[in-house]
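A.B. asks: If you scroll down you'll find the structure; I have some questions about it.
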Amino acid sequence: MKYVIVIRSAPANLDLHLFFADTLDALLASDQEIAALFFTDAAASCLSKNHQANTVQSKILQRYLQFAQSGIPLLCCGQAFRAQGLKADSLISEAKLSGNLELTQFFSCCAMLEF
């Protein structure tokens with residue numbers, strides 16, 4: 001099965017995001033396909049390059065970057081990113097600002113998991 005993963009949770013909870021990442025690893029290990037990770041609401045700030053080294057947020061970002069390095073697109077809701085007070089130039093280079101149009105395109109071909 002092919003999944004699009006919608007991540008909404010704020011980056012303040014390391015254990016929760018590590019659980020998400022472990023769940024994604026389990027999906028991939030069972031030959032499931034992840035079409036994209038879509039970050040929205042408070043989770044949009046996970047993809048900011050402004051996190052200080054060795055913080056909870058930087059550890060979460062590093063974990064999600066592992067998925068990008070394996071070819072899974074990281075999509076970030078532009079409206080949610082701006083609502084966090086972030087500008088487009090603070091988005092990590094591995095991610096792409098997107099919106100509801102891109103997200104709805106996945107609905108026709110993918111199951112959705114929301115965290």
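A.B. asks: Those residues that are open to solvent by 20 Å² or more (accessible area, probe 1.4 Å), in contact with a Pro (Cβ under 9 Å, 6 or more places away or on another chain) and of a type in the set (A, V, I, L, M), I need them from the stretch 53-73; list them, please.
C.D. replies: Val56
A.B. asks: Of Ala21, Ala42, which residue is in contact (Cβ under 8 Å) with a residue 24 or more places away in the chain, open to solvent by 20 Å² or more (accessible area, probe 1.4 Å) and among the small types (Gly, Ala, Ser)? Write out each step before concluding.
C.D. replies: Numbers: Ala21 fails: open to solvent by 20 Å² or more (accessible area, probe 1.4 Å).
Testing whether each residue is in contact (Cβ under 8 Å) with a residue 24 or more places away in the chain, open to solvent by 20 Å² or more (accessible area, probe 1.4 Å) and among the small types (Gly, Ala, Ser) leaves just Ala42.
A.B. asks: If you don't mind, another one. Got a sec? Which of Phe115, Phe81 is under 21 Å from Leu24 (Cα atoms), touching a residue at least 24 places away in the same chain (Cβ under 8 Å) and either touching a helix residue (DSSP H, G or I) at 6+ places or on another chain (Cβ under 7 Å) or of a type in the set (Lys, Arg) (or both)?
C.D. replies: Details: Phe81 fails: under 21 Å from Leu24 (Cα atoms).
Being under 21 Å from Leu24 (Cα atoms), touching a residue at least 24 places away in the same chain (Cβ under 8 Å) and either touching a helix residue (DSSP H, G or I) at 6+ places or on another chain (Cβ under 7 Å) or of a type in the set (Lys, Arg) (or both) holds for just one of Phe115, Phe81, which is Phe115.
A.B. asks: Quick check on Ala44: is it of a type in the set (A, V, I, L, M), in contact with a Gly (Cβ under 9 Å, 6 or more places away or on another chain), assigned to a helix (DSSP H, G or I) and more than 23 Å from Met1 (Cα to Cα)? Break it down stepwise before answering.
C.D. replies: Details: of a type in the set (A, V, I, L, M): yes; in contact with a Gly (Cβ under 9 Å, 6 or more places away or on another chain): yes; assigned to a helix (DSSP H, G or I): yes; more than 23 Å from Met1 (Cα to Cα): yes.
For Ala44, the condition - of a type in the set (A, V, I, L, M), in contact with a Gly (Cβ under 9 Å, 6 or more places away or on another chain), assigned to a helix (DSSP H, G or I) and more than 23 Å from Met1 (Cα to Cα) - is met.
A.B. asks: Still on this model: Looking for whichever is among the hydroxyl-bearing types (Ser, Thr, Tyr), within 17 Å of Ser9 (Cα to Cα) and open to solvent by less than 40 Å² (accessible area, probe 1.4 Å) here; the options are Ser90, Ser48, Ser98. Which one fits? I'd like the intermediate steps shown before the answer.
C.D. replies: Details: Ser90 fails: within 17 Å of Ser9 (Cα to Cα); Ser98 fails: within 17 Å of Ser9 (Cα to Cα).
Just a single option satisfies the conditions, and that option is Ser48.
The values are calculated or read from the model by the stated rules, or taken from the named source; none is laboratory data. These numbers come from a predicted model, not from an experiment. Please note: Cβ atoms are built from the backbone with ideal geometry, for glycine as well, and neighbour counts cover all protein chains shown. Side chains are part of the model used for accessible areas, which takes the heavy atoms of the whole protein and leaves out ligands, DNA and RNA. Shrake-Rupley method; radii C 1.70, N 1.55, O 1.52, S 1.80 Å.
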